[in-house]
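The values are calculated or read from the model by the stated rules, or taken from the named source; none is laboratory data. Fair warning: this is a prediction, and the values are worked out from it, not measured in the lab. Neighbour counts run over all protein chains shown; Cβ positions are idealised from the backbone, glycine included.
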Amino acid sequence: MGLTIAQKIIKEHLVSGEMKAGEEIALRIDQTLTQDATGTMAYLEFETMGLDRVRTEKSVAYIDHNTLQSGFENADDHRYIQTVCAKHGIWFSRPGNGICHQVHLERFGVPGKTLIGSDSHTPTGGGIGMLAMGAGGLDVAVAMGGGAYYITMPKMYKVELKGRLRPYVTAKDISLEILRLLSVKGGVGAIIEWGGEGVRHLTVPQRATITNMGTELGATTSIFPSDEVTKAFLAAQGREADWKPLESDADAVYDKIITIDLDTLTPLIACPHSPDNVVKVSDIAGTKVGQVCVGSCTNSSLADMLTVAAMLKGKTISPDVSMSVSPGSKQVLTMLADCGALSDIIAAGARVLECACGPCIGMGFSPESAGVSLRTFNRNFEGRSGTKDAGVYLVSPETAVAAALTGVITDPTTFGDAPVITMPDKFRINDTAVLAPADPETAKDLTVRRGPNIKPFPDSHPLEDEITVPLLLKVGDNITTDHIMPAGAKILPYRSNIPHLSQFCFAVCDESFPERAKAAGQSVIVGGSNYGQGSSREHAALVPLYLGVRAVIAKSFARIHAANLINAGILPLTFENPDDYDALTQGDTLTLSDVFVGLDRGKLTLKANGKDIPLIASFTERQKKILKAGGLLQYTKEEAK
């Protein structure tokens with residue numbers, strides 16, 4: 001039996017375990033990346049390991065999230081990351097150099113390599129044939145130290161693309177179509193491989209848009225073949241030597257095959273407040289728009305920006321619309337300036353923002369009250385934009401520009417002939433904003449600089465055999481990490497200060513939760529299905545740990561968040577019978593007894609309101625040891641004795 005693309009990479013990097021779906025496997029990691037919203041914590045964790053240098057082939061730290069410096073906090077964190085990188089062998093991408101996924105695709109990604117990043121959209125690297133996965137910061141720290149990365153061996157899905165995209169129909173529309181078909185939890189436990197004749201007509205930036213958005217399916221990762229298109233992209237980046245061909249075997253077996261006919265695809269739009277709430281643009285055409293944002297790691301490539309510039313050239317943005325454009329990297333911005341496209345964007349009335357994540361994570365450019373914002377981003381969760389009552393829609397750059405010019409949601413296919421974009425044979429290479437680490441001898445004398453906003457890792461607690469605590473918060477389905485630990489310009493500067501951050505925990509759902517949690521001392525949270533979807537931010541586990549949360553009981557969990565809870569020493573338990581969710585009420589006193597025996601047999605009993613509720617505690621032997629120790633850091637220290 002032949003192998004899929006992902007299975008080939010996994011086989012080459014397998015440290016332990018069997019390649020059977022559902023089995024735990026350990027992978028050797030070639031590359032890591034961090035960004036500044038998660039990086040400070042990841043490097044604090046790495047430092048606790050006591051290692052002089054990272055042991056990966058390449059580790060890169062990016063500054064792209066916390067770039068608004070209204071106080072000392074972000075600047076201090078940036079300096080901390082820069083100095084820890086110089087000392088420990090990590091490359092440092094300076095503020096303004098660009099968004100981690102865009103820059104990594106341009107300058108560092110290598111087909112056939114493994115990459116984990118402390119950002120959920122790390123699967124962007126699958127656009128050039130990497131096995132690229134989002135992970136919690138602690139898992140990234142362990143990988144930097146030479147440790148393996150553990151995952152459950154995924155199922156294999158394949159999406160067959162037929163035909164070719166028509167004018168004004170884009171890779172973003174392909175991403176929205178697969179979300180429409182599968183939903184935000186349709187890819188859980190699977191790697192999605194893209195193939196078929198239609199793949200040959202997709203550029204690397206288009207492929208990267210699709211693998212980036214695969215994160216919203218809940219997939220472990222997404223991946224494309226490494227072919228002549230990939231080779232041409234790497235050659236244009238001066239990195240042809242990094243290319244290697246990679247494709248699935250003709251007799252590879254998939255758990256599911258989905259077919260999308262590109263010839264019949266139309267412009268699509270995700271309505272508030274979920275990436276899978278997808279309809280045709282034409283279905284809601286005419287809806288008034290107040291804001292348009294182009295950029296993010298999903299749609300900020302040179303090709304995207306040239307398309308935007310061509311559609312805006314000689315025109316003026318509607319007086320009712322405020323439009324921002326965020327190039328994905330310094331390379332993209334420089335090339336836009338060189339060819340004159342930047343002038344066309346500015347002349348039309350758009351505001352050009354820094355090469356950073358910006359509005360995508362609520363770092364500025366929030367919509368007006370109850371405003372409608374069209375964004376080329378990957379998420380439209382409620383409140384993520386910084387305006388709780390805003391209606392955020394996800395669209396392609398083409399649909400975004402059409403709305404910016406008309407002031408209403410507009411099907412771009414009504415705009416006449418689509419602009420023809422000619423991409424250069426060579427990209428402009430200037431890596432001066434990426435700082436190399438110091439050599440090992442020099443590094444010994446370097447000092448890591450820590451600002452007063454950087455606080456220690458929160459204390460964990462060894463697992464107890466009986467836990468009696470209040471059910472402090474009960475929430476519904478599809479609770480995101482933005483619900484648990486919001487982002488935004490007011491909160492992100494405190495990502496290295498868990499005590500301060502804790503006052504915002506679950507504020508979107510219940511502003512009283514942090515104070516009630518502190519008063520209770522210890523507690524349990526109950527959730528619905530797909531609990532913890534969205535970002536890889538481990539703060540969504542570390543802050544509940546700080547607030548005394550001992551367990552989360554849900555109908556089902558998102559992959560990365562479940563791993564982060566285990567790493568923090570918090571029990572992620574699932575209902576054996578999902579209907580038992582209805583038997584619990586916020587404020588109930590809950591008891592978990594015989595916890596150690598229950599972990600060993602894979603089932604626990606929850607006592608509540610005189611009723612015994614069976615819970616599934618399905619963990620690997622390694623995960624059981626981590627939970628019993630009180631988290632991955634404690635487990636690692638015990639194993640090192």
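Observations
- From the list 27, 44, the one residue that fits, being closer than 21 Å to residue 540 by Cα and either free of Cβ contacts under 8 Å to residues at least 12 places away in the same chain or of a type outside the set (Gly, Ala, Ser) (or both), is 44.
- For the range 455-474, filtering for residues that are in contact with an Asp or Glu (Cβ under 7 Å, 6 or more places away or on another chain), assigned to a loop (DSSP other than H, G, I, E, B) and surrounded by 15 or more Cβ atoms within 10 Å (Cβ to Cβ) leaves 1.
- Looking only at the range 126-135, and only at residues there that are aliphatic (A, V, I, L, M) and more than 15 Å from the chain's Cα centre (by Cα), the one that is surrounded by the fewest Cβ atoms within 10 Å (Cβ to Cβ): 130
- Check on residue 516, outside any helix (DSSP H, G or I), in contact (Cβ under 8 Å) with a residue 24 or more places away in the chain and not polar (S, T, N, Q): no
- Positions within the range 461-488 being out of contact with any His (no Cβ under 7 Å at 6 or more places or on another chain) and hydroxyl-bearing (Ser, Thr, Tyr), in sequence order: 468, 480
- Residue match in the range 387-407 (condition: over 28 Å from residue 214 (Cα atoms), part of a helix (DSSP H, G or I) and either in contact (Cβ under 8 Å) with a residue 40 or more places away in the chain or of a type in the set (A, V, I, L, M) (or both)): yes
- In the set (1) assigned to a loop (DSSP other than H, G, I, E, B); (2) more than 30 Å from residue 94 (Cα to Cα); (3) not basic (Lys, Arg), the condition left unmet by residue 414 is number (1).
- Test: residue in the range 602-624 that is of a type in the set (A, V, I, L, M, F, W, C), over 25 Å from residue 118 (Cβ atoms) and out of contact with any strand residue (DSSP E or B) (no Cβ under 8 Å at 6 or more places or on another chain): no
- Yes/no for residue 89 being at positive phi and either over 19 Å from the mean Cα position of the chain (by Cα) or not assigned by TED's automatic domain parsing to the domain that holds residue 234 (or both): yes
- Residue selected from the range 584-641 under the condition surrounded by 19 or more Cβ atoms within 10 Å (Cβ to Cβ) and of a type in the set (S, T, N, Q), by the criterion nearest to residue 153 (Cα to Cα): 623
- Inside the range 136-150, residues that are surrounded by 24 or more Cβ atoms within 10 Å (Cβ to Cβ) and touching an Asp or Glu at 6+ places or on another chain (Cβ under 9 Å) make up a count of 7.
- Matching residues in the range 545-567 - criterion: being touching a Ser or Thr at 6+ places or on another chain (Cβ under 7 Å), closer than 16 Å to residue 535 by Cα and aliphatic (A, V, I, L, M): 560
- Qualifying position, being modelled with pLDDT of 95 or more, assigned by TED's automatic domain parsing to the domain that holds residue 303, surrounded by fewer than 24 Cβ atoms within 10 Å (Cβ to Cβ) and assigned to a loop (DSSP other than H, G, I, E, B), among 249, 283, 276: 276
- None of 154, 167 is buried (at least 20 other Cβ atoms within 10 Å of the Cβ) and more than 17 Å from the chain's Cα centre (by Cα) except 154.
- Residue 258 satisfies every condition listed in (1) farther than 19 Å from residue 122 by Cα; (2) assigned to a loop (DSSP other than H, G, I, E, B) except (2).
- Only residues that are more than 11 Å from residue 580 (Cβ to Cβ) and either outside the structural domain of residue 628 (by TED's automatic domain parsing) or of a type in the set (Lys, Arg) (or both) were counted in the range 590-614, giving 3.
- Within the range 92-108, the residues that satisfy the criterion of being under 15 Å from residue 297 (Cα atoms) and either surrounded by 24 or more Cβ atoms within 10 Å (Cβ to Cβ) or under 19 Å from the mean Cα position of the chain (by Cα) (or both) are 97, 98, 99, 100, 101, 102, 103, 104, 105, 106.
- Every residue from the range 488-513 that is of a type in the set (Lys, Arg) and either in a helix (DSSP H, G or I) or touching a residue at least 24 places away in the same chain (Cβ under 8 Å) (or both): 495
- Figure legend. Inter-residue proximity from the range 184-206: first residues under 21 Å from residue 109 (Cβ atoms), second residues among the acidic types (Asp, Glu), beta-carbon distance below 7 Å, spacing 6+ or different chains. Indicated pairs: 195/160; 205/304.
- For the range 178-200, a residue qualifies if it is in a strand (DSSP E or B) and over 28 Å from residue 233 (Cα atoms), and exactly one does: 188.
- Residue 229 vs. criteria more than 18 Å from residue 192 (Cβ to Cβ), of a type in the set (Val, Ile, Thr) and either in contact with a Ser or Thr (Cβ under 9 Å, 6 or more places away or on another chain) or surrounded by fewer than 24 Cβ atoms within 10 Å (Cβ to Cβ) (or both): yes
- For the range 1-23, a residue qualifies if it is part of a strand (DSSP E or B) and farther than 17 Å from residue 116 by Cβ, and exactly one does: 2.
- Candidate set: the range 37-75, residues that are surrounded by 21 or more Cβ atoms within 10 Å (Cβ to Cβ), at pLDDT below 95 and acidic (Asp, Glu); chosen: the one farthest from residue 111 (Cα to Cα): 73
- Only residues that are of a type outside the set (A, V, I, L, M, F, W, C) and part of a helix (DSSP H, G or I) were counted across the range 299-340, and they come to 6.
- The residues of the range 477-533 that are surrounded by fewer than 24 Cβ atoms within 10 Å (Cβ to Cβ) and β-branched (Val, Ile, Thr), listed by number, are 491, 498, 508.
- Residues satisfying the stated conditions in the range 400-420, i.e. surrounded by 15 or more Cβ atoms within 10 Å (Cβ to Cβ) and of a type in the set (A, V, I, L, M, F, W, C): 400, 401, 402, 403, 404, 405, 408, 409, 415, 418
- Of all the criteria given as (1) over 21 Å from residue 110 (Cβ atoms); (2) under 27 Å from the mean Cα position of the chain (by Cα), the one not satisfied by residue 239 is (1).
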